[in-house]
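Down below is the structure, laid out as structure tokens.
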């Protein structure tokens, strides 16, 4: 797919940027472009400088964003192509050290007018008498506060706080907890749409003359056809006082004769009508976006998503090759893989979930207790038409699983007397499908953003526990579950390769390591921070470590035997002057739905497969380099590439690569 330039109301860190990000799973080839105002963004779209624009159109507290409706009505050729709703959390942000009481209490609060209106009562309680000052966007307000010197604060997102280095002074300042904003994607032409999504049609209409009953008659053309209007707004037409145009959203598409007939008759009744868009209603998920489909019956495996059908086909082909009749999947990694990301666990500290899947040719069944059934169906399977069977938690005899495992049965756990075959199922998870690749790219980028944002705001004197808490909070805020959190400061950084956080306090240097999981996939990376200038020895060690990492990255090409990768890492360690350091820590290996599917060893068999993920983590005492990559037929691709981080350029066999350097920060202020 060619790159699509999608505009959003900037700068970086706005709620609109977060909304635009969700489109990556549907259209991976996106380049997000911040625009300073709605008017400039729509003008850029109309002129062809953008392929699309993400705009907020309605908020559950404050109502419509009127300017969007006016621009849409006044800009021919621009149409609505998709709709989705996101929860919006507003937080009070300020520069580190700002206080909400006492001397220097903030006298001004900056934000977008909609955000200020959504938080008016809370702000008057927290900062009585403070002036509410409108800004072009919540992110622009955050940028202005970060650049200023007075105690002005702003209302914005956690994303903006991280992007501009602001402290969260008070969380969730919106007046109502249930705060949602509806977004539209506007385009000039058609783009690939989400198949199977519920659809709507938007129109604008106006009356040729002002007569009693005009609106009654207009609405009647849909009521008579049993067509639902989900929204009706009026706006001044921009001419005579009292002249209005009306915006309506209709449930259904013009492909439906009832909708098409209603719109056609509306034109006759009103005198003027124009279709503003025909578009799918999308459902946000933690990793992106999926179609919001109509209700469908259970048990119809042929109606499952293309991704799931492809994986079921792999399993059925394996059943034929291996001579089994049925497969039971209970492990968290395998259930997440097959279902496209479902979480089947309750306790985190387990590999086996409380819901499982039984697959035989032409049929797949999810089994769980009555405790979990409805949640699994609604929230984890997301409306997919799986057959879900529940049993009484207090009566093991009511478990239908044994009856589903007739014939020669295999499983990933060996439960119910089945043959354990997890290693074989792990191989079926490669190659990653296109939706998995898109989810992984987004996960990798957001994991890097979270780690790097925390690295820029931790301070000397904090304990490793406190740093770990900030890191996990930043990940969970993005819907990313930290499966591994390692933090090491100073002497512990030099002493241990797997440093679980302790009460040890940060002095000169600290290392942050995470493995972050979302929808089953795991992104792995490491970043290092120094509060003192790097000495020559550390620079030498870190450059050497990054060179080994670069050597492994360049060697991870489709078809390369694992034995060649092993030879590369040993050669690289020797070439940079640390021939024995590889013995002090494993070097990583293939990844995806496990932190490492296996570790690279001298005896490792196999070869690099297309669209297989790897995470290499070479280390040399006192430093480490780690990121996650995807092996593609065109070459390796970083999934956790640094987002806002200094780089060191290294060379391996004539190729130059940039790898994450150690971030040097000023210890006195904690500023980058």
Inset, instruction - Sort 496, 216 so that the residue with the fewest other Cβ atoms within 10 Å of its own Cβ comes first and the one with the most comes last. - result: 216, 496
Inset, instruction - Calculate the translational D of the range 410-548 in whole µm² s⁻¹ from Stokes-Einstein, where the hydrodynamic radius comes from the Kirkwood formula applied to all Cα pairs, the temperature is 37 °C and the viscosity 0.692 mPa s. - result: 193 µm²/s
Legend entry - Average Cα contact separation per residue, the chain, under 8 Å, 6 or more apart, as relative contact order %: 10 percent
Legend entry - Length gained when the stretch residue 498-residue 209 is fully extended (0.36 nm per residue, less Cα-Cα span): 96.4 nm
Legend entry - Cα-based convex hull volume of the chain per residue, rounded to whole Å³: 189 Å³
Legend entry - Order of 95, 518 - criterion: other Cβ atoms within 10 Å of each residue's Cβ, fewest first: 95, 518
Legend entry - Normalised per residue, the volume of the convex hull around the Cα set of the range 1-144 (Å³): 118 Å³
Inset, instruction - Per DSSP H run of n ≥ 4, the term is -39500 (n - 2.57); total these for the chain, divide by its residue number, and report the mean residue ellipticity at 222 nm rounded to 500 deg cm²/dmol. - result: -8500 deg cm²/dmol
Legend entry - Dimensionless Rg ratio for the range 1-57, taking C-alpha atoms and the 2.2 N^0.38 Å reference: 1.01
Legend entry - For the range 434-664, the spread of Cα positions along each principal axis, largest first, Å: 48, 41, 28
Legend entry - Tail beyond 21 Å, pair distance distribution of the range 116-209 (Cα, percent): 52 percent
Legend entry - Volume of the Cα convex hull of the range 295-428, divided per residue and given in Å³: 105 Å³
Legend entry - Inter-site label distance for residue 666 and residue 107 at 7 Å from Cα along Cβ, in nm: 2.7 nm
Inset, instruction - Can you tell me the equivalent ellipsoid semi-axes for the range 571-672? Use √(5λ) from the Cα gyration tensor, largest first, whole Å. - result: 26, 18, 15
Legend entry - Inter-label distance for residue 379 and residue 67, nm, one decimal - labels placed 7 Å from Cα along Cα-to-Cβ: 3.7 nm
Inset, instruction - Could you line up 537, 70 from fewest to most neighbouring Cβ atoms inside 10 Å? - result: 537, 70
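Any read-out appearing in this document is the output of simple, stated calculations on the displayed coordinates, not a laboratory observation. Every value quoted in this text rests on a predicted model; they were computed, and no experiment measured them. We place every Cβ from the backbone using ideal geometry, glycine too, and count neighbours over all the protein chains shown.
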